[in-house]
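**Q** Here it is, the structure in full.
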Amino acid sequence: MVFYFTSNVVSLPYTLYMGKDKYENEDLIKYGWPEDIWFHVDKHSSAHVYLRLQKGQTIEDIPKDVLADCAQLVKANSIQGCKMSSINVVYTPWGNLRKTGDMDVGQIGFHRQKDVKSMTVEKANEIINRLEKTRTERYPDLAAEKESREREERNEKKVQIQELKKKEKEEVKKKKEADELRNYTSLMKAEKMSSNQDGNESDDFM
């Protein structure tokens, strides 16, 4: 089971989601999207919360209020963290998560520590109460959803390549037409010069 939440503190709502337990977390780690940002309480156990960005957005584009929603959701779903007045939350792009065979269920590492950000979070019940009102529970086919997303991306790239080839073909055509026009102009000048010479010879003959 996966829990979904909506952060509607900005004009364009964002989707947040997390697994019910560490076994669901394994699937979320495996089938995350490049647009996903992972959140976790630092140095304490907690839920793995994901924020799904729009295509083209990066971790730097997360609105401040949306970031606060993610951090509060992680804190509220940490057995130890929820009891503390203040904690640190770490977050990083899904692509930076590293999972090896010797790790326990739900455990992860990072490919690049420099890409892991941290923020201090204090308890804010009003944020959790707002998010809880948006919560839905689903049993998604994460593998199928990711395959659909990747297929869509492949189709988009295919269209981009086709458009690029079309543009290159048009540019080649324009260049060819320009070259033909220059050659034609040069030819006309040459013929005109040749005609004038013929006329001069006629004058001399007379």
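The values are calculated or read from the model by the stated rules, or taken from the named source; none is laboratory data. Please read these numbers as outputs of a predicted model, since none were measured by experiment. Because the Cβ atoms are built from the backbone with ideal geometry, glycine has one as well, and the counts that use them run over all protein chains shown. Surface accessibility is based on the protein's heavy atoms, side chains included, excluding ligands, DNA and RNA. Shrake-Rupley method; radii C 1.70, N 1.55, O 1.52, S 1.80 Å.
**Q** Rank N77, N88, N183 by mean-square fluctuation in a GNM of the chain with C-alpha springs under 10 angstrom and give only the top-ranked residue.
**A** Checking each option, the largest mean-square fluctuation is seen for N183.
**Q** Might you tell me the accessible area per residue for the chain, computed with a 1.4 Å probe and given in Å²?
**A** Solvent-accessible surface per residue comes out at 66 Å².
**Q** Across region 161-175, in residue order, what do the Karplus-derived ³J(HN,Hα) couplings come to in whole Hz, using 6.51 cos²θ - 1.76 cosθ + 1.60 with θ = phi - 60° and x for Gly and Pro?
**A** So the J values, rounded to whole Hz, are 5, 5, 5, 5, 5, 5, 5, 5, 5, 5, 5, 5, 5, 5, 5.
**Q** Please compare each pair in K22/K133; K20/K133; K43/K157 to a cut-off of 29 Å on the Cα-Cα distance and tell me which ones are over it.
**A** K43/K157
**Q** Using the crude model of +1 on Lys and Arg Cβ and -1 on Asp and Glu Cβ, and no other charge, please compute the dipole size for the chain relative to its Cα centre, in debye to 20.
**A** 880
**Q** Given a Förster distance of 22 angstrom, what is the FRET efficiency for K114 paired with Q57, based on the Cβ-Cβ distance and rounded to 0.05?
**A** The pair K114/Q57 has a calculated efficiency of 0.65.
**Q** For percent of Cα pairs over 25 Å apart, the choices are (1) 53; (2) 42; (3) 45; which was calculated from the structure?
**A** Of the labelled values, this structure produces (1).
**Q** Rounded to a whole number, what % of the accessible area of region 106-152 do carbon and sulfur atoms account for, probe 1.4 Å?
**A** Exposed carbon and sulfur together represent 44 percent of the surface.
**Q** Here is a further query. Of all accessible surface on region 29-89 at a 1.4 Å probe, what whole percent is carbon and sulfur?
**A** 52
**Q** Accessible area of E177, 1.4 Å probe, to the nearest 10 Å²?
**A** Its accessible surface works out to 100 Å², give or take rounding.
**Q** Let me ask something else about it. Taking the dipole about the Cα centre of region 1-130, with the C-beta of Lys and Arg at +1 and of Asp and Glu at -1, give me whichever of V105, Y31, L51 is farthest to the positive side.
**A** V105
**Q** Which of the listed residues, S186, M1, S85, is farthest toward the dipole's positive end in the chain, when Lys, Arg count +1 and Asp, Glu count -1 at the beta-carbon?
**A** Farthest towards the positive end: S85.
**Q** Related question: Using the Cα centre as the reference, give the magnitude of the dipole from point charges on the C-beta atoms of region 76-139 (Lys, Arg: +1; Asp, Glu: -1; all else neutral), rounded to the nearest 20 debye.
**A** Approximately 160 debye in magnitude.
**Q** Given the whole protein assembly as supplied and a 1.4 Å probe, what does the accessible area of S45 come to in Å², nearest 10?
**A** Number for this one is 70 Å².
**Q** Another question, then. What residue among H111, H40, H48 has the largest mean-square fluctuation in a Gaussian network model of the chain, using Cα springs under 10 Å?
**A** Judging by the Gaussian network model, the answer is H111.
**Q** Select from region 1-105 those trypsin sites (Lys or Arg not before Pro) which occupy a DSSP coil region and have at most 13 other Cβ atoms within 10 Å, ordered by residue number.
**A** K20, K43, K55, K99
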